[in-house]
Structures are given as structure tokens and as C-alpha cells.
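This report concerns only the one structure given below.
Derivation of every value follows stated rules applied to the coordinates shown; laboratory data play no part. Quantities reported herein were computed from a predicted structural model and do not represent experimental measurements. Every residue, glycine among them, receives a Cβ derived from its backbone with ideal geometry; neighbour counts consider all protein chains shown.
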Amino acid sequence: MEKQMQAAAGQSSGVFAECELGSGFDEEFFLLNFGTRLLTAFTNREILIDIALETLADFSQGTRIAIMSLDEQCKTLEVDGVFYQNQSIRLDLSVPVEGTVLGKWLSQKMVGVAPLILEGEVPLPAESGQAGEDQCLCLPLVGSSLRAVGLVTIEIPADRCFGFFETQQLRVLSTALAVSLENAKLFSKVIHDSLTNLYTRRFYEIRVEEELAKLRRNSGHLSLILFDLDQFKNVNDSFGHLTGDEVLRQFAALMLDHVRKGSTLISRYGGEEFILLMPDARVEEALHMAERIVSLCASHEFGDGRRKIRITVSGGVAFTDHTQSISATDLFERADQALYEAKHKGRNCVVVWHNQNAPYRI
């Protein structure tokens, strides 16, 4: 956080640029202001959690810090991350709320200290403890409408005392974090398709423009795959739309399991059409990925538990690089032309765009 603060201070103007820490300017207030602004600047949940953990560690001087989110049913707290030994740790762990001391802290919505217990790396409040033991500082995350959305727990030494101003700082930070987590959740709902949990067409349209802009500034490659499930209407007509929805979900999961994590963006373009946007990928890599998905789909048994359904998919691959200057519409039309050719060839195959007059299959 210190590096981020220094960078922000260096770019600031007006009052901040003219003030010197220690000469009438409250350094703690500056840090608090920066910390809250930092927390509200991100909509990516994972980035937000990492920054929040580090920020809370700087302010509290705690040994371990955990951020936990309350589930929709308000029955469990899901551990989003833990900060320990100067690094963020991701844990697949949930702890019950109903009938526990955690539930009491959430219902009170008050900052306070309790005896400490550890669940692995996660600091948690205990019902009781002995004098001299380490403590657990609890910060309920209270968002909009005064609703508790989670809990921050911090391991602190037994002799660590928080003054009024320190407590208020942590309260402000926890409120900023709660609102930011709510915003991140809302943003996630906007950019993700509710049926498949893939990105929406609108999000793809934003990202492809960004990637094309990067190509204009730097050297590189950009590939795009357009998939369309073959004769999908027959699935809906024969088995019903609920079964058709399940097939779409399963195909989305199949793609997510076999793409390059962290770089390939998969969107539901509309109906049974899907787009894979592959930054920095040459056409050979995109073709290999497309053919792999086509093969996996053909051998996969789809269904809703009552019946098994076989379905195939066709794909069109488009590509560009820094030597070309094309629009997002042009790039999509290339993939669409190639997909049309794949359908014309009998489906269940991949075609790579060659030029506007003669798409070809590799």
C-alpha cells in the first residue's frame, strides 16, 4: 500500500501537492483517505480482496487478517482471503454463523475484541479465553441499508489496545470495503450471463475494443473463435427449453474447463452462440483450441439427469495483428464468415478465415 500511496501522492495536485506531512497535515487522515479511495476504485473482486487485506494489515498491525463474506442465506461466512506473513492466501473454507459467536458479532454490527481461536490460518472469535492470550479484533462489514455483508477478523497481541481514533479508522475502512464488495457483486451480475455465468455480449464488445486499441499501440496478435451449437433448435423442440438451458450451461462449463485461464475471455454472444476472445494468441493456437472444443463437445454426453443428449458444435476462427487496422465489426465478420463455411461443410468442424472471398479450412 505504501508504494501505491506514494504514487498517488506524486500525481496529486492542489492541497495534497502543497502539504507536507508533519507540517500541519494529518498523516493518518491522508492514509485513511487514500485507503478508502483505493478500496472503492476496483470492481474486480479478487483484486479488491487483496488490496483490502493489505490495507487492513497496514492500519491494524495485525498478525493475520481474514475477510469473510456472508452467503445469501446468512448461514455461513465464506473465507475470501487471509493476509499472513506479508502475503495474501486464498482458502476454500466456510464457517457456520447460526448459533455461533460469529452470528453475535454480525448481529451487533459493532467493532470489538474477543478471545482468539484459529481455524487453520483464519483468526476467529471464541466464546471465552484466558488472560494473556492473543485476541481477535472483529470488524463487521456493514453495507448499504445497514445490512451486514461479511466480517473482518484480525489477530492482535494480548497487549494491543486500539484508541478511539484507530477504531474509527478501521470502522471507516470496513464500511468502504463492505460497499465495494456490494458494488463488485452488482458489477459481476451485470457483466455475467445469468444462465451460463459466462461474460455477456456487451462485456465482450468492450473488451475487444480494448484489445484492438492495444494492438494499435503495441505489436502482438489477437484471435477470436465464434462457436454455434449445431441444430440446437432440435434440442429445445424435442426435450424442452429447460433441458436446452442445461445443455447451454454444460457446454459453457466444458469450455471454461479447457481454455487458457486468466487470458481467454468467453462470452455468450446470444442464444447458442459463444465467442472466445484470445489476446496474444496466434491463429494456430486459436485453431488448436477451437478443434479441441469441437472434439470434446462431440464426445460429451449432455443432459439433465433423465436423458443423454449428443450435440455437436461448429466454429469459425478469425485473427488479426498489429500490422492490420481493422474494427471490431470487421473481426467479428471474419469469424462469422468462417463459421458459415463450417456449417456449409457439414457442421462439427472448424474453419479459419482466409480472406473475404475464400475462407478455408486448415
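Just to confirm my numbers, what's the Cα centroid distance between the stretch 283-316 and the stretch 170-241 in Å? Rounded to whole Å, the Cα centres lie 21 Å apart. For a 26 Å ceiling on Cα separation, which of these pairs sit above it: Lys75/Lys109; Lys308/Lys343; Lys104/Lys189? With Cα atoms farther than 26 Å apart: Lys104/Lys189. In terms of the mean number of neighbouring beta-carbon atoms within 10 Å, the peptides 96-105, 236-245, 116-125 order highest first as 116-125, 96-105, 236-245.
Annotation for Ser128 and Asn44: the two label points, set 7 Å from Cα along the Cα-Cβ direction, are 4.8 nm apart.
Could you order the peptides 315-322, 80-87 from most to least packed, using the average number of other C-beta atoms within 10 Å per residue? Please list the in-between numbers first.
Working: 315-322: 22.2, 80-87: 17.1.
For the peptides 315-322, 80-87, the packing ranking is 315-322, 80-87.
Each residue of the stretch 270-286 is assigned a 3J(HN,Hα), and the resulting list reads x, x, 9, 9, 9, 10, 10, 9, 10, x, 6, 9, 6, 4, 5, 5, 5 Hz, derived from the Karplus form 6.51 cos²θ - 1.76 cosθ + 1.60 (θ = phi - 60°), x at Gly and Pro.
Subtracting the Cα-Cα distance from 0.36 nm times the residue separation, let me have the gained length for Met110 to Glu166 in nm, one decimal.
Numbers: separation 56, 0.36 × 56 = 20.16 nm, distance 1.43 nm.
Full extension of this stretch gives 18.7 nm more.
Sites listed here are trypsin sites (Lys or Arg not before Pro) in the stretch 121-193 whose DSSP assignment is loop and whose Cβ has at most 14 other Cβ atoms within 10 Å: Arg147. Backbone phi angles across the stretch 73-80, fed through the Karplus curve with coefficients 6.51, -1.76 and 1.60 (θ = phi - 60°), yield HN-Hα couplings of 8, 6, 10, 9, 9, 8, 6, 7 Hz in residue order; Gly and Pro are listed as x. Each residue of the stretch 342-351 was assigned a 3J(HN,Hα) from its phi angle through the Karplus expression (A = 6.51, B = -1.76, C = 1.60, θ = phi - 60°), giving 4, 5, 5, 6, x, 6, 6, 8, 10, 10 Hz with x at Gly and Pro.
Counting other Cβ atoms within 10 Å as a rough exposure proxy, the listed residues Arg292, Arg216 run Arg216, Arg292 from fewest neighbours to most.
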